[in-house]
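The values are calculated or read from the model by the stated rules, or taken from the named source; none is laboratory data. In this text, all values refer to a predicted model and were calculated from it rather than measured experimentally. Quick reminder, even Gly has a Cβ in these numbers, built from the backbone with ideal geometry, and neighbours come from all protein chains shown. These accessible areas exclude ligands, DNA and RNA; they are computed on the full protein's heavy atoms, side chains included. Shrake-Rupley method; radii C 1.70, N 1.55, O 1.52, S 1.80 Å.
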Amino acid sequence: RRGIKCSLCTKALKKIQALAGDNPDESAVTAALEKGCRVLGRLVGKLCRRLVNKYRAQITEGLQNGDTPRDICTAVGICKS
């Protein structure tokens, strides 16, 4: 179960990271969070939105720090380190 969540988290954040671009500011991250979940389809998108709502601060900070999607998913406890 956890493995599926980890890969979904990583996939979602890769998409969001790509949309946010290099050195994103907070508004770029926010826009990417909104758009990123939408483009993942209905089922994954719903999980993505739940993830984003719960961990928005950590995700935003991680993306601004240039952390990898995997690092961010590990930091919020979805992936095992």
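The table for this structure:
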| read-out | value |
| --- | --- |
| All positions within the stretch 18-30 that are open to solvent by less than 60 Å² (accessible area, probe 1.4 Å) and part of a helix (DSSP H, G or I) | Ala20, Ala28, Val29, Thr30 |
| Close pairs from the stretch 7-28: first among the polar types (S, T, N, Q), partner buried (at least 22 other Cβ atoms within 10 Å of the Cβ) and not in a loop (DSSP other than H, G, I, E, B), Cβ under 8 Å, at least 6 apart | Thr10/Cys73; Gln17/Ala32; Gln17/Leu63 |
| Those residues of the stretch 32-81 which are without any contact (Cβ under 8 Å) to a residue 24 or more places away in the chain, open to solvent by 80 Å² or more (accessible area, probe 1.4 Å) and closer than 19 Å to Ala18 by Cβ, in sequence order | Glu34, Lys35, Arg38, Arg49, Gln58, Glu61, Asn65, Asp71 |
| Residues of the stretch 68-81 satisfying the condition of being in a loop (DSSP other than H, G, I, E, B) and within 14 Å of Lys15 (Cα to Cα) | Thr68 |
| Some residue of the stretch 41-62 being over 16 Å from Lys11 (Cα atoms) and of a type in the set (A, V, I, L, M) | yes |
